[in-house]
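Worksheet: the structure to be examined is printed underneath.
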Amino acid sequence: MKLGLNLMTGINMFLTSWKSKDDPGTGNCSLKVNPNGSPQSIVYKGSTPHWRSDPRPWISVTNVTESPRVNCDFVNNKDEIYYAYFVEDPSIVIRAVLDNTGLLQKLVWDDGVHQWKEHWSVPKYRCDMYGQCGSYSKCSPGHRFECMCLPGYEPKSPREWDLRDGSNGCVRKHLELSVCGNGEGFVKVERLKLPDSSFSAAWTGMGRFECEQACLMNCSCTAFSVVNIDGKGTNCLAWYGELMDILEQVDEGLDLNVRVDAIELAKYIRKSKGSLSKQRKLAIALVSIVVPMFLVSLLTYIWLAKKKKTKVKRKAHNQSINFASTKVSFEGHELEDSSTHPDLPIFNLSCIVAATENFSPTNKLGQGGFGSVFKGQLYNGQHIAVKRLSKSSRQGIGEFKNEVMLIAKLQHKNLVKLLGCCIQEDETMLIYEYMPNKSLDSIIFDHTRASFLNWKKRFEIILGIARGILYLHQDSRLKIIHRDLKASNVLLDAEMNPKISDFGMARIFKEDQIQDKTTRVVGTYGYMSPEYVIFGQFSTKSDVFSFGVILLEIVSGRKNCDSYQEHPSQNLIGHVWELWREDRASDIVDSSIKESYVSDEVLRCIQVGLLCVEEEVVDRPTMFAVNLMLSSETTLPSPKKPAFILRSPSKKLDSIIGGASCSINEVTITKFEAR
């Protein structure tokens, strides 16, 4: 692979991303060689730097220490500036991939399993992001607050710094004191990824003294670094202007000498001398006590080791007992064909606490019967949604078991992805991928936001939900009935793709099983089928009914339990049915998409929705038939009078739900404002 510029022809060789995972058009992200100063590779999002390579020319954008080894040739002359990457072993196939999020990966083909495996990727952590801590500061991974000002500098905005926002960077402490021929000097900061070299100069063959003097004589020089090149002498890099995008690197870092005023220089000299004096005193003190304390320490260590071993055994035993009760019934009767638990990552509690900033109220996305949902960000920059089981909740353990047991076994682009779980101390949590556009109901039922979804996007959402349910019913390894399908349980990712969530009420069916019965009716009134509400019977057709309701809600932008001026006793299903009989079905279309909808598609969707909410179970289509009807021009049967066309429940239904007008999910109501 070759990246760079031909200065004679003007050709620029760079890597670009796709528009999205499914769209191979030219995306917004690119990997280019920046020729300014000391050339370096930069990943851009549009024109904004997203990640930057090391400015040392022999360090490739791939990690040369990893196996298989990737070598890098760097050429910088009057004709060309480029990096060329090649593999030492020609039998190994490697490719570089830049995705639409700005993630750069080195993938290696594994011939044993016939798939690409990731060997290296950037940016991985928060500190990898370009300019994470602003100018004149360094980003130090692993610290509670990663940003630290360079010597001689202080936070530009102390208030934002206290709030752990270092993006504005730092400024020089003593602005009134000149750093030009006024007794200034340099303070060494060790083990760094050197700053952005766009405003730097490089000289070969210079040692530290010559490099320091060259920088000192130029008042614009803010820092310098001396770089050793094996067999090629040394390079002097000097920076002119702000120092940006500095990262602390323990293994591969270099020393940066930062220019400071006379006051700061004196402080660091005293500190250095004091440290040496303290080290001598400490060494003498240690030698004087280490011999007499050795035997005592050894005996104490043996005693503590035995005690710790006993404690660990006891704790492990207790955890195994506790986990067995909440361990998601991995060997329970509902998974008769499975004897092992899913391969699901277990997150450490401290990791989740750090990601959510100790479950800060500002990160809270919503509240439900299960507990609360919080937004978080892992150290690698990935955003997550943490579903935290409430300690006081009457529900949750059973639902938690269900959700882990089911969703960990399911993989589909229209199902929300479960990243892992956390069961530690008295906490029980599920960790999901974060959906930035919240739930479907937060958009289609909001008059100000409904216009975000034109008809084309709504139709894509309908198809996506249908495909997700079909996967649950037919194409997955397990035949699953969701039982709580509703608009608030359909989440939207950054591209507004739908993902079905909340499998706490789901049930697994055997391959030949048609329906089941329960005495514990749970769900949301308005989405539940009549046979389930009245008799407790549920099947794949129960989910079909719920899908039909969601479909009509997407088309109309109205909730099923809304009333209508013309017929106050009717719900959405009844209203659509009346308009269909009068050949006025298009009147129900949401006014915010009147200009964008395709009449034939809308009428087909309304007809499919009415077929899905028919009263008799046998009359409703399967999800396979629903997908076929939505995606083809097949002739559709005429719908029959649907169930629950009246808003007020019958006496029999009223006795079951206790007079509730809209919701009977007393155990599982989960209305999230965001996820």
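Read the figures in this text as sums done on the coordinates, not as results from a lab. None of the values given here were measured: they were computed from a predicted structure. Ideal geometry is used to build each Cβ from the backbone, glycine not excepted, and the neighbour counts take in all protein chains shown.
The GluC sites (Glu not before Pro) of segment 435-520 meeting both criteria, a DSSP state outside H, G, I, E and B (loop) and at most 16 other C-beta atoms within 10 angstrom of the site's C-beta, are Glu495, Glu511.
When a/c is below 1.5 the answer is rounded, else prolate if a/b is larger than b/c, else oblate, so apply that to segment 155-260 with a ≥ b ≥ c taken from the square roots of the Cα gyration tensor eigenvalues. Oblate is the answer for segment 155-260, as a/c is 1.5 or above yet b/c matches or exceeds a/b. For Ser451 and Gln515, a Förster radius of 35 Å and the Cβ-Cβ distance give a FRET efficiency of 0.30, rounded to the nearest 0.05. Annotation for segment 139-190 versus segment 454-512: alpha-carbon center distance of 50 Å. Neighbours of Lys156 by Cβ distance under 14 Å: Lys/Arg scored +1, Asp/Glu scored -1, total -2. Measuring against 30 Å, Cα to Cα, the residue pairs Lys32/Lys375; Lys21/Lys559; Lys45/Lys401; Lys364/Lys479; Lys156/Lys375; Lys124/Lys559 contain Lys32/Lys375; Lys21/Lys559; Lys45/Lys401; Lys364/Lys479; Lys124/Lys559 as the ones spanning a longer distance. Dipole size of segment 2-124 about its Cα centre, with +1 on Lys/Arg Cβ and -1 on Asp/Glu Cβ: approximately 420 debye, rounded to the nearest 20. Neighbour counts of other Cβ atoms within 10 Å put Lys267, Lys559, Lys117 in the fewest-to-most order Lys117, Lys267, Lys559. Tell me, what is the FRET efficiency for Gln367 and Val171 to the nearest 0.05, using R0 = 45 angstrom and their Cβ-Cβ distance as r? FRET efficiency, Gln367 to Val171: 0.60. Residue ranges 437-448, 576-587 sort as 437-448, 576-587 when ordered by packing (mean number of other C-beta atoms within 10 Å per residue, highest first). The alpha carbon gyration tensor of segment 2-124 gives principal lengths a ≥ b ≥ c with a/c of 1.5 or higher and a/b no greater than b/c, which makes the shape oblate.
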